[in-house]
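I have placed the structure first, in the form of structure tokens, so that the comments after it can refer back to it.
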Amino acid sequence: MEESNKKSHWDNIYKTKKLEDVSWYQQTPKTSLVFLKEFNIPKSAKIIDIGGGDSLLVDHLLKLDYTDITVLDISATSLERAKERLGDDALKVKWIVADIADFKPNEQYDFWHDRAAFHFLTAENEVDHYIQAAKQGIKADGVLVLGTFSESGPKKCSGIEIKQYSEVSMTHKLKSFFKKVKCINVNHETPFSTIQEFVFCSFRKLVV
């Protein structure tokens, strides 16, 4: 799917569906917050949420008093919805409208979080670009947390084919620049009472 088509596809979803009516909705992003706590990420850390859209992770980060938060998404509509929900607190967040498949970071982050954006990259050149962007955009010894559909999970999301991963395949894909810390399997219950199987892995950027 071309970038312009991807943008319009996601913008249309956010224009026509409520927050609680999308399959990835979570009132509390428990898994993501557990990883944040396990790495003891300081309140002043630079955090980026890749494909964050209008998810509620940013709300929880603000409540936890994190002060340097960036949310990136291909859909401007999703970010506008998040800003509207947050009100004045939206001014405390940096918002980036970009396709992660060609995103070029202009700063480095301590904690790079991605729940279900990476698995939309099905072309090898897009995957390679993402990994290079993460390498460039994560500080030395910084943390990468990546969540994708597992090999037992869905093969599509929102009408788009995705690439499934296992602990082994994800670790292998990132091994040149990142060292795996741990992986867990997570069952996400959608608002429609269906189960989506995820694999979440955390990594440290290799210091070379």
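Here are the numbers for the structure shown:
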quantity: Residue-by-residue Karplus 3J(HN,Hα) for region 135-144, coefficients 6.51, -1.76, 1.60, Hz, glycine and proline x; calculated: 4, 6, x, 10, 5, 4, 6, x, 10, 10
quantity: Helix-derived mean residue ellipticity, 222 nm - over the chain, DSSP H n ≥ 4, -39500 (n - 2.57), to 500; calculated: -9000 deg cm²/dmol
quantity: Förster radius 41 Å - calculated FRET efficiency between E20 and A140, Cβ distance, rounded to 0.05; calculated: 0.55
quantity: Relative contact order (%) - criterion: Cα under 8 Å, at least six apart; region: the chain; calculated: 18
quantity: Computed label-point distance, nm, for sites V168 and N5 using a 7 Å Cα→Cβ extension; calculated: 3.4
quantity: No Cys partner within the rule (Cβ under 4.7 Å), the chain; calculated: C157
quantity: ³J(HN,Hα), Karplus 6.51/-1.76/1.60, whole Hz, each residue of region 170-182, x for Gly, Pro; calculated: 5, 4, 4, 5, 9, 5, 5, 10, 9, 9, 5, 9, 6
quantity: Stretch gain in nm, segment E189-V34, where the contour uses 0.36 nm per residue and the Cα spacing is subtracted; calculated: 54.0 nm
quantity: Charge context of E107, other residues only, Cβ under 10 angstrom, K/R +1, D/E -1; calculated: +2
quantity: Extension gain, S176 back to E124 (0.36 nm per residue minus Cα-Cα distance, nm); calculated: 17.2 nm
quantity: Filter on K104/K205; K139/K179; K30/K104 - keep pairs with C-alpha separation over 22 Å; calculated: K30/K104
quantity: For region 63-208, size of Cβ-based charge dipole, Lys and Arg +1, Asp and Glu -1, in debye; calculated: 420
quantity: Stretch gain in nm, segment E80-D102, where the contour uses 0.36 nm per residue and the Cα spacing is subtracted; calculated: 5.8 nm
quantity: Packing rank of 47-54, 71-78, where each peptide gets the mean count of other beta carbons within 10 Å, highest leading; calculated: 47-54, 71-78
quantity: Relative contact order %, region 1-86, counting alpha carbon pairs below 8 Å whose residues are six or more apart; calculated: 35
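Each value in this text was obtained by applying a stated rule to the coordinates, not by laboratory testing. Every value quoted in this text rests on a predicted model; they were computed, and no experiment measured them. Here Cβ is always computed from backbone atoms with ideal geometry, including for glycine, and neighbour counts include all displayed protein chains.
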